[in-house]
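Undergrad: Dumping the structure here so I can ask a few things about it.
Every number here is computed from the coordinates shown, using simple stated rules; none is lab data. Source: prediction; values computed, not measured. Positions of Cβ are backbone-derived with ideal geometry, glycine not excepted, and every protein chain shown enters the neighbour counts.
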Amino acid sequence: MRGTKRKATIVVAFVGAMLVASVALAAWLASGTGSGFAKATTAQSLTTSANTPTADLYPGAVGDLEITIDNPNPYPVQVTQIARTADPIVSDAGAACDASTGVSTNGAWPLVVAIDIAAGSSTTTTLNNVVAMDNTSDDSCQGATFTVPVTVSGASNA
Amino acid sequence: MRRTRSPLVAVLLGLSLVLGSVALAGVFAAGPDTSDATTQRTFWISGKVRGLYPGRVKTVKVTVRNPSARRLRVTRLAATVSSTTAACPRRAVRVKPWRGELRVPPHSARRVRLAVRMRPTAPDGCQGIRFRLRYHGKGIVLR
């Protein structure tokens, strides 16, 4: 009985070793290499356009600024800051008003905002109480619409 | 009884080990049927992707070519990213390693999709940058 068991063990061990040998002979290890590239897009500039908000400015008053921001990129962005440029605030009322609009920014500029714009779309935002008019405003500015040059900045919001 | 059978056991096991060693040696040292062993054991990987931007995950279709006359089973693919400018670190882009089983017939090619992601924090310096991807993979050439 003991001898039979031992024989069986020997046979199993032998067959097992042969099996390992067969598997090893059946396959070769392989390795692969190669190259490629991943290219990033170049961001397109956000563009802004002015809107005509409700007339709320008069000497001594503060008013709103309405702005439309267009995102031409194929990805969503979040605008985080709106700042004034060095260009002067102008009006649609002519040179006399432009020479003395009396309009300036109000409060803390640049403005810290969080405006989400979907890919390839635009959004219009009203910024409350961010401009003001003082008594230096020329009479010809009555009923005028003022353009406040700004620059917007943000980042991908993908 | 035990003493009389021990030599037999030793001989059989020894024979098995020798055969096993020869077989394993064949895996690592024996050449293929043709004279170019390197060609037979190597497969080629390529793939490119465009349109990455911060936060974007894209799929790169990686082509695995098997130049061998034998069947290939690829089990792992990965890529190392390198940047071409100091303004954009290579860690801005990551290729997710792939594990699976891709069977490629002899002298054929198959595709597998790998995910490539640009980190949301990728700096402006990464705009328009072309990252080099160096692919590497492992597999088995089947007899």
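Undergrad: If you bin the C-alpha pair distances of segment A:20-158 every 5 Å from 0, what whole percents do you get?
TA: Pairs per bin, as whole percents: 2, 9, 16, 16, 13, 9, 7, 5, 3, 2, 2, 3, 2, 2, 2, 2, 2, 1, 1, 0, 0.
Undergrad: Could you give the C-alpha radius of gyration of segment A:66-123 expressed as a fraction of 2.2 N^0.38 Å, taking N as the number of residues it contains?
TA: Numbers: Rg = 15.0 Å, N = 58, 2.2 N^0.38 = 10.3 Å.
Normalised Cα radius of gyration, segment A:66-123: 1.46.
Undergrad: Measuring from centroid to centroid over Cα atoms, what is the spacing of segment A:29-43 and segment A:88-110 in Å?
TA: A separation of 53 Å, based on Cα centres.
Undergrad: Next up: For segment B:99-116, what does the Karplus curve 6.51 cos²θ - 1.76 cosθ + 1.60, with θ = phi - 60°, yield as ³J(HN,Hα) per residue in whole Hz, taken in order and with x for Gly and Pro?
TA: Values, residue by residue: 10, x, 9, 10, 9, 10, x, x, 6, 9, 9, 9, 10, 9, 9, 10, 8, 10 Hz.
Undergrad: Return the Rg/Rh value of segment B:76-143, two decimal places, where both radii are evaluated on C-alpha atoms and Rh is the Kirkwood radius.
TA: On the way: Rg = 15.2 Å, Rh = 13.8 Å.
Computed over Cα atoms, the ratio is 1.10.
Undergrad: Right, another one. I'd like the Karplus ³J(HN,Hα) series for segment A:51-64: coefficients 6.51, -1.76, 1.60, θ = phi - 60°, whole numbers in Hz, and an x wherever there's a Gly or Pro.
TA: So the J values, rounded to whole Hz, are 10, 10, x, 4, 5, 9, 9, 7, x, x, 10, 10, x, 9.
Undergrad: Once you list every other residue whose beta carbon is under 12 Å from the beta carbon of A:Thr123, what net charge do they have if Lys and Arg are +1 and Asp and Glu are -1?
TA: Residues close to A:Thr123 contribute a combined charge of -3.
Undergrad: Provide the per-residue ³J(HN,Hα) series for segment B:128-140, in order, calculated from phi with Karplus coefficients 6.51, -1.76, 1.60 and θ = phi - 60°, each as a whole number of Hz, with x at glycine and proline positions.
TA: Here the 3J(HN,Hα) series is x, 6, 9, 8, 8, 10, 10, 8, 8, x, 10, x, 9 Hz.
Undergrad: Please name which of B:Val81, B:Ala69, B:Ala92 has its Cα lying farthest along the dipole of segment B:51-100 towards the positive end, using unit charges on Cβ (Lys, Arg +1; Asp, Glu -1) and the Cα centre as origin.
TA: Value: B:Ala69.
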